[in-house]
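The structure is given below, and queries will be raised subsequently.
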Amino acid sequence: MKVEDVKTPEDILSFMKENIKYGWLDINNEEHINNLKNFRKLYRTATIEETLEHGIGTCIEQVYLMSKLLDKLNIPNKMFCTRIYEGKDFNDLEAEEHMHCFVLYFMNGKVYHIEHPNWERIGIYEYDSEEEALKEINDYYIEMSEGKARPITEYYDVEPNISFKDFNNYINELDKKKKILK
């Protein structure tokens, strides 16, 4: 399946299954597939073009790609990040990552979560509201992280060639702006 064959959200999921594996490009442009070794040290966000060319992406790149495919279909959508909070000064490069990004889309008065990067939950899930979707998805990740609180933040873009720490700091800044606006 090619990008130009994508006509529905179901096609997006099929496209992702056929073309994109969980993986990442590092600062040396080397591929890492199904492996997070040295992720905090070497990870950098990839462009949409790199994600398509290499056929790999973390949840960050995969969600961004799915969001852009939904945009192409004129389907309203939002990207979110749930994570165990790490402040700007967090520098443990050996720590596990506790972040997951996901996309919701809105059709026919319903909310849908299209999941591909989490291989245990690949699929499209329907909800009655955005609030219900966010709660159910976040509760799943809270349970996975043994009950640790996880802020959930809507984000709008993925800047290419930034580190995991810089992406986390971008999400933190969005949280701060949201709190100021409330």
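Taking the condition of being assigned to a loop (DSSP other than H, G, I, E, B) and not polar (S, T, N, Q), how many residues in the range 1-46 meet it?
Adding up the residues that qualify gives 11.
Can you find, within the range 74-98, the residue that is modelled with the highest pLDDT among those that are assigned to a strand (DSSP E or B) and basic (Lys, Arg)?
LYS78
Kindly list, by first and then second residue, each pair from a residue in the range 136-161 that is free of Cβ contacts under 8 Å to residues at least 60 places away in the same chain to a residue that is outside any loop (DSSP other than H, G, I, E, B) and basic (Lys, Arg), limited to pairs with Cβ atoms under 9 Å and residues at least 6 apart or on different chains.
Close Cβ pairs satisfying both conditions: TYR141/ARG83.
Okay, next question. When you check ARG150 against the structure, is it closer than 26 Å to LYS72 by Cβ and basic (Lys, Arg), yes or no?
No.
Right, something else. Starting from residues that are of a type in the set (Gly, Ala, Ser) and not in a strand (DSSP E or B), keep the ones in the range 99-143 and report whichever is nearest to ASN169 (Cα to Cα).
ALA133
Moving on to the next point. Out of the residues in the range 114-162 that are basic (Lys, Arg) and surrounded by fewer than 18 Cβ atoms within 10 Å (Cβ to Cβ), which is nearest to ASN35 (Cα to Cα)?
ARG121
Assess whether THR51 counts as being surrounded by 17 or more Cβ atoms within 10 Å (Cβ to Cβ) and under 25 Å from SER163 (Cβ atoms).
So THR51 fits the description; yes.
The values are calculated or read from the model by the stated rules, or taken from the named source; none is laboratory data. Please read all numbers here as calculations on a predicted model, not as lab measurements. Every residue, glycine among them, receives a Cβ derived from its backbone with ideal geometry; neighbour counts consider all protein chains shown.
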